[in-house]
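Shown next, in structure tokens, is the structure this report addresses.
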Amino acid sequence: MIFAVLGILIGIAFGLLLPYTYNVAYSLYISVAILACLDSVFGGIRANLEDKFDINIFMSGFFGNAILAAILAYIGDRLGVPLYYAAIFTFGGRIFENFAYIRRILLKRRIKK
């Protein structure tokens, strides 16, 4: 837990001290990739609470989902078809589903105490 908080603080510090800007043309790809990463983070939290966390599964999902979502958005952009909607609906739905499981787990643990 301490490593997670430390990682968040280091990430915020880097973000504030080393601001990075990117071309607006890439905003669609980056936003879909961030959504995919958030899905992996919520899935990792859920797996950790269920004592099923595996770092290899988490890392492969984190980077694999982000790359796949960005490629899907890129291909859709080249074809003129909004394929990024598939990533938005899939990852967005999974984020809310994982959040619901996390909430239930934490509420059950709190009730047991």
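Any read-out appearing in this document is the output of simple, stated calculations on the displayed coordinates, not a laboratory observation. In this text the structure is predicted, and so the values were computed from the model without any measurement. Cβ sites come from the backbone with ideal geometry, for glycine too, and all protein chains shown count toward neighbours.
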Relative contact order of the chain (C-alpha contacts under 8 Å, at least 6 apart) in percent is 31 percent
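State, to one decimal in nm², a quarter of the convex hull surface area for the C-alpha atoms of the chain, i.e. the direction-averaged projected area. Don't jump to the answer; show the numbers that get you there.
Working: hull surface 34.2 nm².
Computed as one quarter of the Cα hull surface, the answer is 8.5 nm².
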Using a simple charge model, +1 on the beta-carbon of Lys and Arg, -1 on the beta-carbon of Asp and Glu, nothing else, what dipole does the chain show about its Cα centre, in debye to the nearest 20? 680 debye
Could you compute the net charge surrounding PHE58? Neighbours are other residues with a C-beta less than 15 Å from the C-beta of PHE58; K and R count +1, D and E count -1. -1
How large are Rg and Dmax for the stretch 46-101 when calculated on the C-alpha trace, in angstrom? 13.8, 43
Give the separation of the Cα centroids, the stretch 1-18 to the stretch 80-113, in Å. 24 Å
Just order 23-33, 100-110, 63-73 by mean Cβ neighbour count inside 10 Å, highest at the front, would you? 63-73, 23-33, 100-110
With the charge dipole of the stretch 25-112 built from beta-carbon charges (+1 for Lys and Arg, -1 for Asp and Glu) about the Cα centre, the Cα from PHE53, LEU35, GLY92 projecting farthest to the positive end belongs to PHE53
Out of ILE12, ILE55, ILE88, any idea which swings most in a Gaussian network model of the chain, alpha carbons joined below 10 Å? ILE12
